[in-house]
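Rule-based calculations on the coordinates, nothing more; no lab input. The structure presented is a predicted model; accordingly, all values stated were derived computationally and were not measured. Counting neighbours? That spans all protein chains shown, and the Cβs are built from the backbone with ideal geometry, glycine included.
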Amino acid sequence: VRLGMAGSLRPQAAICVADAEALEAERQAAEAALARLRRHHASLVGIRGKRSEESHALHEQMRQLCADSLRQDRELEGLRASLAAAQTELAAVERAIDDEAHTRKQMEHMRARTLESMRNAFSQLQTLQDDVSSLMLKVQGRSSLPLVAKKAHLDLVMQTTRLEKEMASQARLWDASIRSVRESIALDDAAADGIDAAVAAAA
């Protein structure tokens, strides 16, 4: 009976052994798959950490770029304000230069007219002096006329000398005024050049 039972159990035992071997193979396959999953998970964790660092660095760069952009905007506004002020000052200097140039032309015209008037007066006095000298030559033989002629001649000489001094003094005054205006215009030109340079640098 026992031999019969053992004979009938052998096929079942073989099946159990085969099932056990199959289960062992599946377990080993599952462990291998689990090991692969763990390695993949570790790789993903490393990649995620690296991406997190890169994201943090990128965020920091963006924050710095925003700060730089705001700073540059403030600097640009300051430069625009400086440029507007420089343009306003330049316009004022140009108006002052135009006004002084017009004043200089008027002064030169007045000086020319004054000198022309003085030359005409001097020419008239010279003509009178020549007439008196000619009269003196004609009346030298008489007693009273030479004295009158000499007095008139001396008066004309004194007037001529005084007029010449006045002309020279007036000419010096006009020359000094014109030099002063020209120096002022030169200073304004230098200031305008400085403003142009500042405007160019700001632009």
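Computed from backbone phi, the HN-Hα couplings of the range 23-39 come to 4, 4, 5, 5, 4, 4, 5, 5, 4, 5, 5, 5, 4, 5, 5, 5, 4 Hz, rounded to whole numbers (Karplus: 6.51 cos²θ - 1.76 cosθ + 1.60, θ = phi - 60°; Gly and Pro given as x).
Inter-label distance, GLU164 to ASP193: 4.3 nm, where each label sits 7 Å from its Cα along the C-beta direction. For the range 49-61, 3J(HN,Hα) computed residue by residue from phi via the Karplus equation (6.51, -1.76, 1.60; θ = phi - 60°) reads x, 5, 5, 5, 5, 4, 5, 5, 5, 5, 4, 5, 4 Hz, glycine and proline entered as x. Residues of the range 17-37 falling in the label zone of LEU44, defined by backbone nitrogen less than 20 Å from a point 7 Å along Cα to beta-carbon, are 30-37. Take each peptide in 52-60, 81-89, count the other Cβ atoms within 10 Å of every residue, and average; sorted highest first, the result is 81-89, 52-60.
Modelled spin labels at ALA91 and ARG36, positioned 7 Å past Cα toward Cβ, are 8.0 nm from each other. Rounded to the nearest 0.05, the FRET efficiency derived from the C-beta distance between LYS105 and ASP73 at R0 = 45 Å is 0.40. Available extension along the chain between ASP98 and ALA186 is 30.4 nm, counting 0.36 nm per residue and deducting the alpha carbon span. As a rough guide to protection, the peptides 97-105, 28-36 ranked by mean Cβ packing within 10 Å, highest first, stand as 97-105, 28-36.
Note on the range 1-120: along the principal axes its Cα atoms extend 172, 17, 12 Å, ordered by decreasing extent.
Placing a pseudo-label 7 Å from each Cα along the Cα-to-Cβ vector at ARG80 and LEU58 gives an inter-label distance of 3.2 nm.
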